[in-house]
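The values are calculated or read from the model by the stated rules, or taken from the named source; none is laboratory data. In this text the structure is predicted, and so the values were computed from the model without any measurement. Neighbour counts are summed over all protein chains in view; Cβ atoms, including those assigned to glycine, are modelled from backbone coordinates with ideal geometry. Note: areas computed on protein heavy atoms with side chains; ligands, DNA, RNA excluded. Shrake-Rupley method; radii C 1.70, N 1.55, O 1.52, S 1.80 Å.
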Amino acid sequence: MEIKETAIAGTLESSDIQIMLAKGANGIEIDLESDVKKQFGQQIESVITTTLNQLGIESASVKAVDKGALDCVIKARTIAAAQRAGQTTDEPAWEVL
Amino acid sequence: MDSEVRELRLRNPSDYKKWRTFLESLNIFNFEESEVSGIDLTLGIFSGEDLVATGSLANNTLKYIGVCNKNVVTGSRFNVIVSALVNREFQRGIFHMFVFTKKKYSASFQHVGFSELASTEDAAVLENGKPGIEDYLGEIAESSVSPSEKIAGIVMNANPFTNGHRALVEKAASENDFVYVFVVQTEASLFRFDERLRLVQEGTQDLTNVKVVSGGNYMVSYLTFPAYFLPSSEDTIRYQTTLDARIFRNKIAPRLGINKRYVGTEPFSRTTGVYNQVLAEELPPNVELSVVDRVQAEDKPVTATAVRQAIKADKLSAIKALVPTSTYDFINNNKNELIARIQKGMNINGN
């Protein structure tokens, strides 16, 4: 899937994560802000990267503001942001879900 | 239990009164027309009948954010209102936004994804979204220039580009290896941004070591900085110009290797006078400041204000000595359009 426009999903409320996706040139670049970055930063980034790769996105500039989201939430928000960015919200990517 | 985030209609007197009373209880007292009129969306959270959190959008800027933390976990309402505002910006297609706030709230905004561009003792400016300042600087940076060279910067509104601007650029170009000319992007002038940029480019075409670029969102015309959260209007200009100077010193100059900035002396405008004074305090020693005397034409300093007044009076002959041919031709070809803009109420008297 190709990123056609900058898109966002998620909120800044507790237990959620806000994912912002924009076009990138050098692979998946993630700028993560999280209170638990030290403990779970790698895990969060790996969930985002894996999910994007499953959607066929190899390059993206990602900004993530985490408020203690669980992996399933991170994955859901990443998919939503990616589908908005790729303008494919009306064709859900079932195989990734 | 808090309500959902709701829209407040400030045109509606009862909403306006609630909103204003709430902000006043949080020590925000400036509701001047110039600050409030730009607001295009206001959101609020209620607890019962009481407003407990609010925030507004004015184009790409978040304003008038106020939160009461009584009886709730500190920060929870703030996070809800800011995410609602950020989401609204995205829905409108605005992916890059700013907030001007008190220094003590800078950390709260950084916590929800904003990054600080500059701060003073009282105030801070932060940005969020993409493209950010790094993307902007990456785009305009001239790759052939090595950081060890002498590189200068000039910021101008150029409304329009005059012989005075030309002389300043020429001087910088002769004294340095490379010169960046930043044209202020804010649209608050008789000449539109694309026109101003074009006239600067045409007027400096022959200078090979000069690159004319957009000032982006970072050479903010200080007239447009919101200042509603400051206690007195006296400090306003100083706070606005200090933030502007610090963004230049801390973010722009190091990335582009700029070690000298040129400004013209300002005999008439008080604001620009304060601005130059603040630059002199803030920029050195990282960036040297060179203040250059204005060029004269027929014993009077050349100013863009004089050019605009001559356009208003339809006396193009008076302009010829003040501007390069490219600017003159543009004014001559677009005279009627420019006069129409003045008649529509565009301020031409400078600041």
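When A:Arg84 is tested against (1) over 21 Å from B:Lys130 (Cβ atoms); (2) in a helix (DSSP H, G or I), only condition (1) is not met. The residues of the stretch B:104-161 that are part of a helix (DSSP H, G or I), aromatic (Phe, Trp, Tyr) and within 14 Å of chain A (Cβ to nearest Cβ), listed by number, are B:Phe109, B:Tyr136. Listed by position, the strands (runs of 3 or more DSSP E) contained in the stretch B:1-95 that have at least 1 residues being within 19 Å of B:Ser108 (Cα to Cα) and among the hydroxyl-bearing types (Ser, Thr, Tyr) are B:50-58, B:61-67.
Among the criteria (1) surrounded by 16 or more Cβ atoms within 10 Å (Cβ to Cβ); (2) free of Cβ contacts under 8 Å to residues at least 12 places away in the same chain, the one B:Pro284 does not fulfil is (1).
Farther than 23 Å from B:Lys171 by Cβ, outside any helix (DSSP H, G or I) and assigned by TED's automatic domain parsing to the domain that holds B:Arg166, is that true of B:Asp314? Against the criterion (farther than 23 Å from B:Lys171 by Cβ, outside any helix (DSSP H, G or I) and assigned by TED's automatic domain parsing to the domain that holds B:Arg166), B:Asp314 qualifies. From the list B:Thr325, B:Thr303, the lone residue that is at pLDDT 90 or above and assigned by TED's automatic domain parsing to the domain that holds B:Val179 is B:Thr325.
Yes or no: the stretch B:262-269 includes at least one residue that is on the phi < 0 side of the Ramachandran plot, at pLDDT below 85, touching a Gly at 6+ places or on another chain (Cβ under 7 Å) and assigned by TED's automatic domain parsing to the domain that holds B:Asp206. Checked against the condition, which is being on the phi < 0 side of the Ramachandran plot, at pLDDT below 85, touching a Gly at 6+ places or on another chain (Cβ under 7 Å) and assigned by TED's automatic domain parsing to the domain that holds B:Asp206, the stretch B:262-269 yields at least one hit. Note on the stretch B:73-91: among residues that are open to solvent by less than 10 Å² (accessible area, probe 1.4 Å) and over 24 Å from the mean Cα position of the chain (by Cα), the one that is nearest to the other protein chains (Cβ to nearest Cβ) is B:Ser83. Based on this model, can you work out whether A:Glu2 counts as farther than 26 Å from B:Val82 by Cα and either within 12 Å of chain B (Cβ to nearest Cβ) or surrounded by fewer than 17 Cβ atoms within 10 Å (Cβ to Cβ) (or both)? Judged against the criteria, A:Glu2 is a match.
B:Ala310 fulfils the conditions (1) within 26 Å of the chain's Cα centre (by Cα); (2) surrounded by 14 or more Cβ atoms within 10 Å (Cβ to Cβ) except for a single criterion, (1). Check the stretch A:21-32 and report whether any residue there is over 30 Å from B:Thr74 (Cα atoms), in contact with a helix residue (DSSP H, G or I) (Cβ under 8 Å, 6 or more places away or on another chain) and not in a loop (DSSP other than H, G, I, E, B). So far as the stretch A:21-32 goes, yes, one or more of its residues are over 30 Å from B:Thr74 (Cα atoms), in contact with a helix residue (DSSP H, G or I) (Cβ under 8 Å, 6 or more places away or on another chain) and not in a loop (DSSP other than H, G, I, E, B). Please tell me if B:Ser174 is at negative phi and part of a loop (DSSP other than H, G, I, E, B). Spelling it out, it is not the case that B:Ser174 is at negative phi and part of a loop (DSSP other than H, G, I, E, B). Residues considered: B:Val179, B:Val169. Of these, the only one that is under 24 Å from B:Val292 (Cβ atoms), touching a Leu at 6+ places or on another chain (Cβ under 8 Å) and part of a helix (DSSP H, G or I) is B:Val169. Just one of the numbered conditions (1) touching a His at 6+ places or on another chain (Cβ under 8 Å); (2) open to solvent by 70 Å² or more (accessible area, probe 1.4 Å); (3) of a type in the set (D, E, K, R) is not true of A:Glu33: (2).
Out of A:Lys23, A:Lys63, which single residue is within 14 Å of chain B (Cβ to nearest Cβ), open to solvent by 20 Å² or more (accessible area, probe 1.4 Å) and touching an Asp or Glu at 6+ places or on another chain (Cβ under 6 Å)? Don't jump to the end; show me each part of the working.
Details: A:Lys23 fails: touching an Asp or Glu at 6+ places or on another chain (Cβ under 6 Å).
Exactly one of A:Lys23, A:Lys63 is within 14 Å of chain B (Cβ to nearest Cβ), open to solvent by 20 Å² or more (accessible area, probe 1.4 Å) and touching an Asp or Glu at 6+ places or on another chain (Cβ under 6 Å), namely A:Lys63.
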